[in-house]
Structures are given as C-alpha cells and as structure tokens.
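Asker: This is the structure I have questions about; it appears just below.
The values are calculated or read from the model by the stated rules, or taken from the named source; none is laboratory data. All figures in this text were calculated on a predicted structure; none of them were measured in a lab. For neighbour counting, all protein chains shown are included, and Cβ atoms are generated from backbone atoms with ideal geometry for every residue, glycine included.
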C-alpha cells in the first residue's frame, strides 16, 4: 500500500473516532437531560403527595375523617390549590365549607 492510501485510511479512522466520541457525548448529554427531567418530575410528585397528605390530615384533625369524595377531590388538586386550601382551612369551621371550597374549584 502506498503512503497516500495509508495516510487517507489513517485520516478516515481518526475521523471515525472523532464522530464516535461526538455521538457518545451527545448520547451522554441526552441521558443526563432525561435523568434530570425524571428527577424533577419525581420531586414535583413528591411535593404534591406531601401537600396532599398534610391537607388531608388537617381536615381529619379539624373536622373528622373526610368522605371518599372529599379525599378524591383533594388528591386531584394542583400544588397551588393545595397550598390555598391549606391556608383556607384555618378559616373554615365546618366540613361543608371544605366541600363548598372544593365545589368552587371543580366549577372554576
């Protein structure tokens, strides 16, 4: 094999290694990005689960065990709505006020 052919083959091999390294880097970045997104979703779910648990405990302590309907409606609330309900519970005196608040959320 002549020198020019060897040099060309060597150059091609080096380019392939560079491309493989580039592809591997992209794959690693994509994996890291996917992992970060998964962690963020998990953290958000954990936050909502904790908020839901706290609000249901507050309702139970103040008014007694909530009905299955109230529990399901609380579990369906967003994080922001759970925070708002948690604060509103300080002002409620009866379970029907909780139910009315939830009804307003269902309609709004």
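Asker: Based on what the data block shows, is residue 51 modelled with pLDDT of 95 or more and either in contact with a helix residue (DSSP H, G or I) (Cβ under 9 Å, 6 or more places away or on another chain) or part of a helix (DSSP H, G or I) (or both)?
Answerer: So residue 51 fits the description; yes.
Asker: Among the residues of the stretch 57-74, how many are loosely packed, with under 14 Cβ neighbours inside 10 Å and closer than 18 Å to residue 46 by Cα?
Answerer: 2
Asker: If I filter the stretch 97-107 for residues that are at pLDDT below 90 and surrounded by fewer than 10 Cβ atoms within 10 Å (Cβ to Cβ), do I get at least one hit?
Answerer: Yes, because at least one residue in the stretch 97-107 is at pLDDT below 90 and surrounded by fewer than 10 Cβ atoms within 10 Å (Cβ to Cβ).
Asker: Surrounded by 11 or more Cβ atoms within 10 Å (Cβ to Cβ), under 21 Å from the mean Cα position of the chain (by Cα), at pLDDT 95 or above and in a loop (DSSP other than H, G, I, E, B), is that true of residue 77? Steps first, please.
Answerer: Details: surrounded by 11 or more Cβ atoms within 10 Å (Cβ to Cβ): yes; under 21 Å from the mean Cα position of the chain (by Cα): yes; at pLDDT 95 or above: yes; in a loop (DSSP other than H, G, I, E, B): yes.
In short, yes.
Asker: Looking at the structure I just gave you, is residue 64 over 24 Å from the mean Cα position of the chain (by Cα) and farther than 20 Å from residue 107 by Cβ?
Answerer: yes
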